[in-house]
1. Jot down the radius of gyration and Dmax of the stretch 29-170, Cα atoms only, both in angstrom.
2. Determine the alpha carbon to alpha carbon distance for each of LYS85/LYS161; LYS39/LYS85; LYS85/LYS107; LYS35/LYS161; LYS39/LYS169; LYS107/LYS161 and list only those over 31 Å.
3. State, as an integer percentage, the relative contact order of the stretch 29-170 based on alpha-carbon contacts under 8 Å between residues 6 or more apart.
4. Which residues does a label at SER83 reach in the stretch 41-71, if reach means a backbone N under 17 Å from a point 7 Å past the Cα toward the Cβ?
5. Ordered by packing density, taken as the mean number of other Cβ atoms within 10 Å over each peptide's residues, highest first, how do 152-158, 131-137, 91-97, 56-62 rank?
6. LEU71 label point, 7 Å along Cα→Cβ, cut-off 11 Å on backbone N: hits in the stretch 103-143?
7. What does the extension gain come out to for GLU63 and ASN47, with contour length at 0.36 nm per residue minus their alpha carbon separation?
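Here, each number is a calculation from the coordinates, and none is a lab measurement. Everything numeric in this text was worked out from a predicted model, so none of it was measured. No Cβ is skipped: glycine too gets one built from the backbone with ideal geometry, and neighbour counts run over all protein chains shown.
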Amino acid sequence: MAEDKKKKATKKTVAKKATDNEQAQQQGPGLGIEKIFLKDVSVEVPNSPEVFTSRETPKISVELNNNAKALPDGYFEVSLQVSVKSMVGEGTAFLVDVTQSGIFALKGFPEENLEPILAIACPGILFPYAREAISDLITKSGFTTVLLNPINFESLYMQQKQQQAAASKNA
C-alpha cells in the first residue's frame, strides 16, 4: 500500500514538472536573475592625508562601461563598470572603480532581441547594486557620500547605435 502511494506521488510529481515546463514554454521569453556579484573593486586615495585638509570644491566625473559574455545554455554574464573620480585642483582626491556583474538566464528570446536586453535591461538591474557599492566605498574612504543619479540605459544604447551608424556611413 505504501509503495502504491509512493508510485502515485512520483507520477504526480513527474506530471507536475511536465506541466510546469509546458507552462514556461507557453509563457514565452523570460529573463531570470541567477546571480549578482561584485567582480572587481578598486579604491585609490593617492593624495591622502593632504586631500582631507583641502577646502576646495571637488569635481566629480563618472564613467560607465558595460559588456556581455555568452555562457552555455542560454546564460549570459553582464558586467557594468562604473568609475567615479574626484579631482581637487590638479590632484586626485579619490578614484573608485566598481565592476558589478550578474549572471542572467535569457530563454526564448529571438536572437535579434538579445543585444538590447543585454545592453539595457541587465545593466539597469545591476546599476543600483553598483551605486550602493560606490557610495559605501567613498564613505568608508573618508569622503562625503556621492549619490549617482539614475541612468537611462535605453538612451545610452540608442546613442551608441546612432554613433555606430554614423561611423559606418563615414567609413
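1. In order Rg, Dmax, the Cα atoms of the stretch 29-170 give 17.8, 56 Å.
2. LYS85/LYS107; LYS39/LYS169
3. Dividing the mean separation by the residue count of the stretch 29-170 yields 26 percent.
4. 41-47, 59-67
5. Top to bottom by mean Cβ count within 10 Å: 91-97, 131-137, 152-158, 56-62.
6. Under cut-off, by backbone N: 103-106.
7. 3.6 nm
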